[in-house]
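Down below is the structure, laid out as structure tokens.
The values are calculated or read from the model by the stated rules, or taken from the named source; none is laboratory data. Not measured: the values here are computed from a predicted model. Using ideal geometry, Cβ is built from the backbone for each residue, glycine included, and neighbour counts are taken over all protein chains shown.
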Amino acid sequence: MRVFILALSVFGILVSANVAKAGPSTTDRDLVASADPATLVHEATQETEDQIGLDKRKRRDVQRRLTGLGFDTKINGRFDKSTRAVITRWQAARGYPKTGFLDTLQHQALLTESVSAARASLGSSDKSDDDRPARRRGGSHHRSSSGPGGLIGGVVGGLFGRR
């Protein structure tokens, strides 16, 4: 009888879980789609970058955000040749004119993109061991788990008992 109940439980889980759509998304992110078309044709210059008012702290912020998006650069608050090259690579990857300088719209796009990327990575990252609560010693051995695996484990544990 227990095997029959287990089989029905597993069958119910598989039917309700929509197994065909399970797993990670295979859809590519279109990074250029969110960019303002005006920024794709307007060339940024030293003058447009000066209008943003980037002091040393804000330049470091730009460098951190570029690094966070995979465009590694030194975070020193100076836009030297290597930082300009990184900005040019970021612009090329996003469809902007490759000037190595930012304008207000590109700067805003960089800020928005880095925030979106950070939220996505926080939402999809696994918890590290440091983030997990410590296991209790003694007492109940019940572990809370979600999804089909947790339900199946709970059913099997309940049917056969833990020793």
Could you please find all residues in the stretch 96-124 being over 17 Å from D72 (Cα atoms) and in contact (Cβ under 8 Å) with a residue 60 or more places away in the chain? Y96, D103, L105, Q106, A109, T112
Which pairs do you get when a residue that is at negative phi and among the small types (G, A, S), found in the stretch 64-89, comes within reach of a residue that is surrounded by 15 or more Cβ atoms within 10 Å (Cβ to Cβ) and modelled with pLDDT under 95, reach meaning Cβ atoms under 6 angstrom, with the pair 6+ apart or on two chains? G68/S114
Looking at the stretch 1-44 only, could you name the residues that are polar (S, T, N, Q), at pLDDT 55 or above, at negative phi and under 31 Å from the mean Cα position of the chain (by Cα)? S16
